[in-house]
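The structure appears right after this line, and notes come after that.
The values are calculated or read from the model by the stated rules, or taken from the named source; none is laboratory data. Worth saying up front: this structure is predicted, and the values here are computed from it rather than measured. Quick reminder, even Gly has a Cβ in these numbers, built from the backbone with ideal geometry, and neighbours come from all protein chains shown.
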Amino acid sequence: MKYKYRAKDKKGITVQGEVEFSNEKDALKSLSNKELFVLDLKPIENKQLFNFSFLDRISLKDKIVFTKELSLMIKGGLPLVEAIDALSEQTSNQKFIAIINSISNDIKGGQPLSKSMAKYPKVFSSFFVSVIESGEKSGKMDEVLIRLSDQLQKDYDLASKVKSATSYPIVITSALFGVMILMVIFVIPQLKKIFGEMGIPLPKATQIILNSSDFIINYWYIVVAVIVALIYLFKLWISTKNGGYNFDKFKIKVPLFGKIIQQIYMARFTRTMGTLVSSGLPMLDIIQTVKEVVGNKVYLQAFDEIYEDVESGVPLSKALKKHTIFPIMIPQMVSVGERSGNIDEVFFNLGDFYEKEVDTATSSLSSLIEPILIIVIGAAVGVGIASILMPMYSIMQTI
C-alpha cells in the first residue's frame, strides 16, 4: 500500500514524498530509520473505477526468482539486508515490493528472516518458513535457499504439467456448454414456432427439450439461483469436517483422475520430506510441516497419527506402513534409508520417481479423456438431432 508522508529531516527541513509498505507501522519504521521525523502519514486511496489488484498476485514464479536471486547474493557474500533491499528494487510486482520492504525493515530491527516471513502466510507457506528457519540455525542459508528454489521450481513444473493436461477437456466441455446455451436460447424457440404452425403431435423427447427451453428462457433467474445455491451448499459442505474429509477421499478414489491425484500428492510429499530432512529439521517438525503441504484432509489425518507414532518412538517407515494411502514402496524405501542413514536421498529419489509417473500420466491424460468426451458429445448431439428429426419425419409423412 502507498503512503504519502510529510516529515522533517535532521536539519529541520520539511520534506514530502511517497513510500510503499504493507502497513502503516512498517512505513513509519522505515522513515524513522532514514532519520525523518514524521509529521503526517496518510494512505493514498486508489480512485480507479475498477480494482485490478488481483493482477499484483504474488505468483509461484515470483517466489522462485526471489529465492534463487537471494541464494546467489548470499553465496556471493552480500549481507542479508543488502540482498533483500536489492531484490526490492529488482522486483516489478508492487505488492511483493511492499512485503519485501517490510521484511527488510524487520531484519534491520533485529528480527530473524523466518519470523518476518511468517507474518505473510499467504505468500510464504509454513514449508517455506521452516526451510528458512533451518538455514538460520545451521548457518547454511545459501545452501538451504538453493534447495528451496529447486523445490519451488519443481512445484511450478508439476503444476504446469497438470494445467496443460487438463486444459483440453476444460476447453471442449466449455465449448459444448456454450453451444447448448445458444441452441436453447436461439435455435429451439424457432423450431417450436415451426412445429406449432404445422400442428403435428410431437414426440415426448422433443416436447421435453422444447419445455426445457421455455423454462430456461422465461425463468432463467430461477435456474441461476438454483446453480448459485448448489455451489454455495457444496462449498458449505466441504468446509465442514466430515464434508471436507469425504470430498478429499472422493478425489483420490475417483476413476481415472484418482490415481494421478495420488501420484501428485506423493511427489509433493516425498520432495518436501527430502528438502526438510536435508535441511536438518527434527522429524516431528518435518511431519507437522509436510501435512500442510500435501493439502488433503485424508492425508492430514494420517500424518496426525504418524506424528503420534513417531513421537512415541515408532520408526517413520513403520508409521507410514500402517496407512494404505501410501504406496507400499514408500515405507519400504524409507526403511532402507533409515538403516543406511541416507533417508533424505531416499526421499529425493522417490520424488523423482513420482514426478516421472505424474509426467507420464498427464501426458497420456488427453488420449484417455478424448474417447469419453467423444461419447458424451456424441450422445448429446445424437439426442438433439433425434429430437428434431422425429417431428420432421412426422411432417414428411403427412405431406
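Has the range 228-237 got any residue that is within 23 Å of the chain's Cα centre (by Cα) and small (Gly, Ala, Ser)? No: the range 228-237 contains no residue that is within 23 Å of the chain's Cα centre (by Cα) and small (Gly, Ala, Ser). Of all residues in the range 214-264, those satisfying the criterion of being touching a Lys or Arg at 6+ places or on another chain (Cβ under 6 Å) and in contact (Cβ under 8 Å) with a residue 24 or more places away in the chain are GLY244, TYR245, ASP248.
When the range 365-392 is examined, which residues are found to be of a type in the set (Gly, Ala, Ser) and surrounded by 12 or more Cβ atoms within 10 Å (Cβ to Cβ)?
Filtering the range 365-392 down to residues of a type in the set (Gly, Ala, Ser) leaves 366-367, 378-380, 382, 384, 386-387.
Listed by number, the residues that qualify are SER366, ALA380, GLY384, ALA386, SER387.
Go through the range 101-134 and give me each residue that's under 15 Å from ASN33 (Cβ atoms) and β-branched (Val, Ile, Thr). Hits for the range 101-134 are ILE103, ILE107. Output the residues belonging to the range 184-207 that are touching a residue at least 12 places away in the same chain (Cβ under 8 Å) and part of a helix (DSSP H, G or I). Once the filter is applied, which keeps residues that are touching a residue at least 12 places away in the same chain (Cβ under 8 Å) and part of a helix (DSSP H, G or I), the range 184-207 yields VAL184, ILE185, ILE188, PRO189, LEU191, LYS192, PHE195, MET198, ALA205, THR206.
Output the residues belonging to the range 294-330 that are part of a loop (DSSP other than H, G, I, E, B) and among the hydroxyl-bearing types (Ser, Thr, Tyr). Full working, then the answer.
So in the range 294-330, the residues part of a loop (DSSP other than H, G, I, E, B) come out as 295-296, 312-315, 322-328.
Scanning the range 294-330 gives SER312, THR324.
So in the range 142-159, with the set limited to residues that are among the polar types (S, T, N, Q) and closer than 12 Å to VAL65 by Cα, which one is surrounded by the most Cβ atoms within 10 Å (Cβ to Cβ)? For the range 142-159, the residue satisfying everything is SER149. Of all residue pairs spaced 6 or more apart or on separate chains, those with beta-carbon atoms under 7 Å, a first member in the range 163-181 that is touching a residue at least 24 places away in the same chain (Cβ under 8 Å) and within 19 Å of ALA380 (Cα to Cα) and a second member that is part of a helix (DSSP H, G or I) and of a type outside the set (S, T, N, Q) are PRO169/ILE369; PRO169/LEU373; ILE172/LEU373; LEU176/ILE377; LEU176/ALA380. For the range 1-18, residues that are touching a residue at least 40 places away in the same chain (Cβ under 8 Å) and not in a loop (DSSP other than H, G, I, E, B) total 3. Within the range 100-138, the set of residues being of a type in the set (Lys, Arg) and in a helix (DSSP H, G or I) comprises LYS108, LYS115, LYS137. Criterion applied to PHE128, PHE215, PHE195 was being modelled with pLDDT of 85 or more and closer than 18 Å to VAL383 by Cβ, and the one residue passing it is PHE215.
Of the residues examined, SER30 is one that is of a type outside the set (Val, Ile, Thr), surrounded by 14 or more Cβ atoms within 10 Å (Cβ to Cβ) and at pLDDT 75 or above.
I'd like to know if the range 365-372 contains one or more residues that are among the hydroxyl-bearing types (Ser, Thr, Tyr), within 22 Å of the chain's Cα centre (by Cα) and at pLDDT 80 or above. Walk me through how you get there before you give the answer.
Within the range 365-372, the first condition is being among the hydroxyl-bearing types (Ser, Thr, Tyr), and the residues that meet it are 366-367.
With within 22 Å of the chain's Cα centre (by Cα) added as a condition, the list becomes 366.
In the following step, the residues that additionally are at pLDDT 80 or above were identified as none.
Taking every residue of the range 365-372 in turn, none turns out to be among the hydroxyl-bearing types (Ser, Thr, Tyr), within 22 Å of the chain's Cα centre (by Cα) and at pLDDT 80 or above.
Set side by side, the residues GLU82, GLU24 differ, and just one is among the acidic types (Asp, Glu) and either modelled with pLDDT under 85 or buried (at least 17 other Cβ atoms within 10 Å of the Cβ) (or both), which is GLU24.
Of the listed requirements (1) surrounded by 13 or more Cβ atoms within 10 Å (Cβ to Cβ); (2) small (Gly, Ala, Ser); (3) more than 30 Å from THR166 (Cα to Cα), SER312 misses just one: (1).
Number of residues in the range 55-98 that are among the hydrophobic types (A, V, I, L, M, F, W, C) and outside any helix (DSSP H, G or I): the value is 2.
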